[in-house]
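Participant: I'd like to ask some things about the structure below.
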Amino acid sequence: MKQLNALLAEFEDKMKGLMQELQSLKTRAYALEDENEKLRREIMDVYQYYLKDAADPKNKHEQSRKHGFENLVRLYSEGFHICNLHFGEFRSEGDCLFCMGFLDKK
């Protein structure tokens with residue numbers, strides 16, 4: 001009978017240890033769920049900000065201007081005039097002061 005009581009006491013101790021470990025795991029899981037939800041909200045906020053920013057017509061206009069300027073810089077680097085005097089003509093004599101003045105303004 002002593003042996004049975006000792007086994008039951010040992011089993012009870014193991015069960016208490018397992019219950020404590022289970023409680024610790026549950027606490028950690030709840031903390032991870034909270035953190036996950038917080039990160040999802042932050043991602044959605046950033047996503048909404050960029051969607052709103054992309055939908056803003058003023059921003060689209062600015063992006064279009066930037067893209068246009070980049071195209072002009074590319075054309076100039078390929079050897080073409082971008083000034084209003086000789087626009088689109090091939091530059092045969094090095095840099096054009098008018099084109100350079102236009103690029104410097106931007």
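Participant: Hey, in the GNM for the chain with a 10 angstrom Cα cutoff, which one of 38, 66, 16 fluctuates hardest?
Facilitator: 16
Participant: Considering the alpha-carbon set of the chain alone, what are its Rg and its Dmax in angstrom?
Facilitator: 35.1, 110
Participant: Something else: On a 0 to 90 degree scale, rounded to 10, what angle separates helix 57-77 from the longest Cα axis of the chain?
Facilitator: The helix 57-77 is inclined about 60 degrees to the chain.
Every read-out reported here was derived from the displayed coordinates using simple, explicitly stated rules and does not represent laboratory data. A quick note: this is a predicted structure, and the numbers were derived from the prediction, not measured.
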